[in-house]
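Some notes on the structure that comes next.
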Amino acid sequence: MKKKVLFVVLNEYADWEGAYLATAINKGVMPGRESLYETKVVGPTLSEVHSLGGFRIMPDYSIDNIPEDYAALILIGGDQWKSKDAERVAPIVSDAIKQGKVVGGICAGASFMAAHGFLNNVNHTGNGVDNLKEWGGDNYTNEVGYMNSQAVSDNNIVTANGTGCLEFTRELLLLLKADTSEKINQFYDFQKNGFVR
């Protein structure tokens, strides 16, 4: 049975930030390669969720009924990470970290993690250290752990800025051992550089 990777999306989520990762998780890193995981979507409720680009998806789970047997929890950025629905996600992230599960936060998802103190013991990145300080206030105490990178992986936590979706994907695929590091790096190189160099 394939392990689940849960993508948490709120209304006005950033469609592009999880697209590469979801495809590589669900269909395999390279064409013809076996997929070890399956993507599942977690929304505020089981009602459809709307993206910034106008896509509508139906969640597999609501925030209130996520399964316990999942491999990774991925927070996809967007415009609602300061909402009441977002606050309901904080205990889920806390539990995932305590259990040693892989947790990823990109763009506002990383900012949300800073706001709840989840980045205080790991190297991390996001939409700039000033953004993380603004979101986190007194809850963000790890400015020295901030790295000016597209994506950072440390102690089962992967963070990225809003333009680092490919790097975010690569770091999560490596952490999940979704394929060999060689195949994952080939996937990243092809997606980043394409057919023409």
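The numbers here are math on the coordinates, done by the rules we state, and not lab data. Given the structure is predicted, the values throughout are model-derived calculations rather than measurements. FYI the Cβ positions are ideal-geometry reconstructions off the backbone, even for glycines, and counts take in every protein chain you see.
Things to note:
- Length-normalised contact order for the range 108-197 - Cα pairs under 8 Å, 6+ apart - percent: 23
- Here the chain is assigned +1 on the Cβ of each Lys and Arg and -1 on the Cβ of each Asp and Glu. Its dipole about the Cα centre then comes out at about 500 debye.
- Charge dipole of the range 1-99 (Cα centre as origin; +1 on each Lys and Arg Cβ, -1 on each Asp and Glu Cβ, all else neutral): 240 debye, rounded to the nearest 20.
- Integer Hz, Karplus 6.51/-1.76/1.60 couplings in order for the range 75-87, x for Gly and Pro: 9, 7, x, x, 9, 10, 7, 10, 8, 4, 4, 4, 4
- Under a 5 Å amide H cut-off, with hydrogens placed 1.01 Å from N, Ser149 pairs with Gly126 among residues at least 5 apart or on other chains.
- Working from Cα pairs under 8 Å separated by at least six residues, relative contact order for the chain is 19 percent.
- Along the chain, the longest continuous region that contains none of the chymotrypsin sites (Phe, Trp or Tyr not before Pro) in a DSSP loop with at most 13 other C-beta atoms within 10 Å is 56-194.
- Loop-resident GluC sites (Glu not before Pro) (DSSP state other than H, G, I, E or B) in the range 18-69 with no more than 16 further Cβ atoms inside 10 Å of their Cβ: Glu34, Glu48, Glu68.
- Length gained when the stretch Met147-Asn121 is fully extended (0.36 nm per residue, less Cα-Cα span): 8.0 nm
- Taking the fewest neighbouring Cβ atoms within 10 Å as the starting point, the ordered list for His124, His116, His50 is His50, His116, His124.
- Between amide H atoms placed 1.01 Å from N, distances below 5 Å from Ile76 occur with Val8, all of them 5 or more places distant or on a separate chain.
- An ellipsoid equivalent to the chain, defined through the eigenvalues of its Cα gyration tensor, has semi-axes of 24, 20, 16 Å when rounded to whole angstrom and sorted largest first.
- Remark: Lys183, Lys192 ranked as Lys192, Lys183, counting other beta-carbon atoms within 10 Å and listing the fewest first.
- Largest mean-square fluctuation among Leu132, Leu174, Leu73, in a Gaussian network model of the chain whose springs join Cα atoms under 10 Å apart, belongs to Leu174.
- Lysines with Cα under 28 Å of Lys40, excluding same-chain neighbours fewer than 8 positions away: Lys2, Lys3, Lys4, Lys27, Lys82, Lys84, Lys98, Lys101, Lys177, Lys183, Lys192
- Neighbourhood charge, 11 Å Cβ-Cβ cut-off, centred on Thr159 and excluding it, Lys, Arg +1 and Asp, Glu -1: -3
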